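Asker: Sharing a structure below in structure tokens format, with a few things to ask.
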Amino acid sequence: MRAARVVVVVAMGALASGSACTCGKASSSEDAAASSAPSAASPAASLGAPGAARFSAPIAAARIADSGDVFVVGLDVASRAIRLQRISAEDETKTDRTILDDVSWTSDADLKVFGGVPSAVVWRGKHGGKPERTLVTLGSDLAPLAKPEVVGAASCATRDAFVHADGKKIARLSFASADAAAARSSVNVPKDREVALACAAHRAFVVLEHDDGADLGVLDGATLATKPLLRDAELEGDARERAEYVVGDELGVVRLAQAGTLTWRETKDGRPGPLRTLTTKIPQDDDVVALDASPRVVVVVYTQEVEGSCPGTSPSTKVLALRIDRATATETVVELAPGTCGREIGPFYTSAAGDAVNVAWVERVPTAGLARPPIAALAHAAVLPDAPPHPLARIDVEADALADAGCDATHCWAAALVRSPGMDAMVPGPIRVLRYAP
């Protein structure tokens, strides 16, 4: 039915490091060319002091609400473990522990954190010698609540529970109990349905695809009542992409057709609302890279190659955002970045920051000739509900991996895996916390 899909959960912020394991081949790079347009230094940004050099990529991170603290999980090669550190606003390591033993790196290794506290950590890589996705649930003290378990590829978390699907069942594991049997409920996946999950604050939404479109269900214990969400007969052409987002306890879906037409629908009290066709079209050659929403706006982020903007034959990559007012459906396209010569961009991270949506992305430099990490900076710009976006800003940081940790109404956080002086990518490194105003 569709070529590709991105699921973005505003309340959760599923995170990824976007880098290969730093225990492998050493990286090198050459200085990036000059920017095609200047950008401001990140306002009110700070780089935390490096901690102990214990981590290799992948890493993931999340902020801890109302504390200014961030916790980071990453691969500890020497201990064959996944390690967790809680880092305070004063850059003190308040917690340092192993949360999963007997792991080893694979070429597709990945870590994701769902939620703040309590939370769920999913490791994709070898565990016990087998390649699998392994769940560790963490309590308020960031210690494991129960034994690790294998989970399905689709996953998300509400404030109360972790939800995952393996193609046959959709399971819900409550954070309230360490007794896995007592905390668990599940439902069967209807036959011939592909499952996508999106978790709101307290609701777990299930999108079930079939030959005629997609249905929407709200997971309620051992029941899953469904209603039509999208029908091919009401949509224009074949799908190019589809993405879901959540705000509070409601879900929204944006579908991009091959011709560039966007359709948009949100739920009200968990039930699908009216389907709207937007006037803005996204050209075939442009790439949708993120979708998110705040209480006031929906933001579709996409990139555009700009030929002839840099010396030689390499284009730069412009970053644009389609802003949709959730109350009036007014559409506005805004430019977030004009493109930077000599840098590749991505992955992208988004988070609601009050009524705005913060958009951040990694900037990478070529890796030939110099023994420096491939990541050069974290760029960011905030899309405001009724004003031009905040000017593009950058936090310069040389890193082998970077993980977004989310935003509140006034601040955003990220974690960078940096190198100790004189070391290369084969040696574990410390974490530096990035703090900035959206």
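The values are calculated or read from the model by the stated rules, or taken from the named source; none is laboratory data. Since the model is a prediction, treat every value here as computed from it, not as a measurement. Neighbour counts are summed over all protein chains in view; Cβ atoms, including those assigned to glycine, are modelled from backbone coordinates with ideal geometry.
Asker: Output the number of residues of region 239-260 satisfying the condition of being under 27 Å from V306 (Cα atoms) and either of a type in the set (A, V, I, L, M) or not in a strand (DSSP E or B) (or both).
Answerer: Of the residues in that region, 8 qualify.
Asker: May I pose another question? Can you pull out every residue in region 106-125 that is closer than 25 Å to T95 by Cβ and more than 17 Å from the chain's Cα centre (by Cα)?
Answerer: V117, P118, G125
Asker: Now for a separate question. Quick check on this structure: which one of V72, V103 is of a type in the set (V, I, T), at pLDDT 95 or above and within 15 Å of S119 (Cα to Cα)?
Answerer: Residue meeting the stated conditions: V72.
Asker: Please pick out the residue among R419, R343 that is in contact with a Gly (Cβ under 8 Å, 6 or more places away or on another chain) and modelled with pLDDT under 95. It would help to see each step written out before you state the result.
Answerer: Working: R343 fails: in contact with a Gly (Cβ under 8 Å, 6 or more places away or on another chain).
None of the other options fit; the residue is R419.
Asker: Next question, about the same structure. Can you say whether V288 is within 25 Å of A405 (Cβ to Cβ) and touching a Pro at 6+ places or on another chain (Cβ under 7 Å), as far as the supplied structure shows?
Answerer: So V288 does not fit the description; no.
Asker: Continuing with this model, one more query. Looking at this structure, is I324 within 27 Å of R54 (Cβ to Cβ), touching a residue at least 12 places away in the same chain (Cβ under 8 Å), of a type in the set (A, V, I, L, M) and buried (at least 21 other Cβ atoms within 10 Å of the Cβ)?
Answerer: Criteria not met by I324.
Asker: Hey, among the residues in region 222-233 that are over 18 Å from K268 (Cβ atoms) and in contact (Cβ under 8 Å) with a residue 40 or more places away in the chain, which one's surrounded by the most Cβ atoms within 10 Å (Cβ to Cβ)? Give the derivation first.
Answerer: Taking region 222-233 and keeping what is over 18 Å from K268 (Cβ atoms), we get 222-224, 231-233.
So of that shortlist, the ones also in contact (Cβ under 8 Å) with a residue 40 or more places away in the chain come out as 224, 232.
Numbers: L224: 19, D232: 15.
The residue in question is L224.
Asker: Of the residues that sit in region 111-144 and are in a strand (DSSP E or B) and either in contact with a helix residue (DSSP H, G or I) (Cβ under 7 Å, 6 or more places away or on another chain) or among the small types (G, A, S) (or both), which one is farthest from A201 (Cα to Cα)?
Answerer: Selected residue: G125.
Asker: If you don't mind, there's one more thing I want to ask. Would you say T263 is more than 19 Å from the chain's Cα centre (by Cα), surrounded by fewer than 22 Cβ atoms within 10 Å (Cβ to Cβ) and in a loop (DSSP other than H, G, I, E, B)?
Answerer: No: the conditions fail for T263.
Asker: For D166, all conditions in the list (1) in contact with a Gly (Cβ under 7 Å, 6 or more places away or on another chain); (2) more than 18 Å from E244 (Cβ to Cβ); (3) touching a residue at least 40 places away in the same chain (Cβ under 8 Å) hold save one; what is the number of the exception?
Answerer: Only one criterion is unmet by D166, namely (3).
Asker: On to the next question. Condition first: among the small types (G, A, S), touching a residue at least 24 places away in the same chain (Cβ under 8 Å), assigned to a strand (DSSP E or B) and touching a Leu at 6+ places or on another chain (Cβ under 9 Å). Can you find one or more residues in region 268-275 that meet it?
Answerer: no
Asker: Restricting the search to region 279-319, which residues are of a type in the set (S, T, Y), crowded, with 16+ Cβ neighbours inside 10 Å and either free of Cβ contacts under 8 Å to residues at least 24 places away in the same chain or more than 22 Å from P347 (Cβ to Cβ) (or both)?
Answerer: Matches in region 279-319: Y302, S309.
Asker: Among A44, A37, A32, A60, which is modelled with pLDDT of 50 or more and assigned to a loop (DSSP other than H, G, I, E, B)? Break it down stepwise before answering.
Answerer: On the way: A37 fails: modelled with pLDDT of 50 or more; A32 fails: modelled with pLDDT of 50 or more; A60 fails: assigned to a loop (DSSP other than H, G, I, E, B).
When all the criteria are applied, what remains is A44.
Asker: Would you confirm whether or not region 241-258 contains a residue that is without any contact (Cβ under 8 Å) to a residue 24 or more places away in the chain and farther than 18 Å from R323 by Cβ?
Answerer: yes
Asker: A further question on this structure: Cβ-Cβ distance below 7 Å, separation of 6 or more or different chains: which pairs start in region 352-378 with a residue that is crowded, with 22+ Cβ neighbours inside 10 Å and end on one that is among the polar types (S, T, N, Q) and part of a strand (DSSP E or B)?
Answerer: Pairs that qualify, where the first residue is crowded, with 22+ Cβ neighbours inside 10 Å and the partner is among the polar types (S, T, N, Q) and part of a strand (DSSP E or B), are V357/T350; N358/T350; N358/S351; V359/T350.
Asker: Next question, about the same structure. Return yes or no: is V77 under 22 Å from P373 (Cα atoms), modelled with pLDDT of 95 or more and surrounded by fewer than 23 Cβ atoms within 10 Å (Cβ to Cβ)?
Answerer: yes
Asker: Among S107, S67, which is surrounded by fewer than 16 Cβ atoms within 10 Å (Cβ to Cβ), among the hydroxyl-bearing types (S, T, Y) and over 27 Å from I395 (Cα atoms)?
Answerer: So the residue among S107, S67 that is surrounded by fewer than 16 Cβ atoms within 10 Å (Cβ to Cβ), among the hydroxyl-bearing types (S, T, Y) and over 27 Å from I395 (Cα atoms) is S107.
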